[in-house]
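The numbers here are math on the coordinates, done by the rules we state, and not lab data. What you see is a predicted model; the values in this text were computed from it and never measured. Cβ placement follows ideal geometry from the backbone for every residue including glycine, while neighbour counts extend to all protein chains displayed.
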Amino acid sequence: MKAAVVVFPGSNCDRDCKVAIERSTGAHVDMVWHGDTELPAGLDLIVLPGGFSYGDYLRCGAMASLSPVMSEVKTAIERGVAVVGICNGFQVLCEAGLLPGALLRNEKLKYVCKAVDLDIVNGQTRFTAGFQGRREAVMTVGNGEGNFFADEETLDRLEGQGQVVFRYQDNPNGSARAIAGIVSDKGNVLGLMPHPDRAFEADLGSADGALLFQSVLASA
Amino acid sequence: MKATVHVFLKPGVLDVQGKAVENALHGLGWGGVKDVRVGRVLEFETSAADRAAAEAEVKAMCDKLLANPVIESYRVEVG
């Protein structure tokens, strides 16, 4: 398996993602600069990491979504390559129109940083198959703008098509229908606010994030 | 030509920042204040030849970058 982590100016979980994927799966992980106009050949997984790309200026993820490398990411998505956007990476995917909805400021205005209990709503995706029927997972959130928003019609469609993958048991940020993570309609793009890269071995409080990366490996 | 762009969250999208400001104003005694919305104003110069061209150019900028149509609406002033 071969993976790449995109580095935007202001990303700060890029190295965490690389280490998490390497230790969970043994895959080779390349770091790709946002200004690159080419991705490494033969990728099975592209990760857009957490952080504060472009200082969160204008809107979180807005400028990163227009980076040169993003047109390559779009092409890879069309080819069926798996893409995971974590936290700021989820915001980038929404801003790029690659996932529906948007992330608003947290309902209580506070930056929330803690472990969260998640329901695995859809265990049949290529990102969750490795949980082998488990219904719950624990990961860590760290966000100030993680309040998922979409209009009612879109929310109904996401729920109806099994695109809601993770839901908070105790909604930390006001997200619509407590949604923590969604997949694209074709199923190869996952966006989530919780960090699998901060929960990939027991010493971090949870190893559930490793199962997410291992799921992608198994489906590659 | 000078352009001014006003960006606001759409009606129906919860503006938590506006709510916090509203609560602060209530706390200071302005109890009649309601429906506070906090938006963003951008000002810049464009090299467009005339007003119509400037308007078209700035609207394109809004659609591409300055506003997110999922959650925001915008208003453009030029000249």
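With neighbour counts taken as other beta-carbon atoms within 10 Å, the residues A:219, A:11, A:71 rank, fewest first, as A:71, A:219, A:11. Among the GluC sites (Glu not before Pro) found in the stretch A:1-88, those both in a DSSP coil and sparsely packed, with 15 or fewer other Cβ atoms within 10 Å of their Cβ, are A:38.
Name the lysines eligible as straight-distance cross-link partners of residue A:186: C-alpha to C-alpha under 23 Å, and not fewer than 8 places from it in the same chain. Straight-distance partners of residue A:186: A:2, A:74. Bridgeable lysines around residue A:110 (alpha carbons under 20 Å apart, same-chain partners fewer than 8 residues away excluded): B:19. Rounded to two decimals, the Cα radius of gyration of the stretch A:2-218 over 2.2 N^0.38 Å is 0.90. The residues A:83, A:216, when put in order of fewest to most other Cβ atoms within 10 Å, stand as A:83, A:216. Between residue B:51 and residue A:2, how high is the FRET efficiency from 1/(1 + (r/R0)^6) when r is the Cβ-Cβ distance and R₀ = 41 Å? Nearest 0.05. Between residue B:51 and residue A:2 the formula returns 0.20. Between residue A:19 and residue A:202, the distance separating the two model label sites (each 7 Å from Cα on the Cα→Cβ line) works out to 1.9 nm.
Placing unit charges on the Cβ atoms only, positive for Lys and Arg and negative for Asp and Glu, gives the protein assembly as shown a dipole magnitude near 300 debye about its Cα centre. Going from the residue with the fewest nearby Cβ atoms within 10 Å to the one with the most, A:183, B:16 rank B:16, A:183.
Over all other residues within a Cβ to Cβ distance under 9 Å of residue B:18, the charged ones net out to -1, with Lys and Arg as +1 and Asp and Glu as -1.
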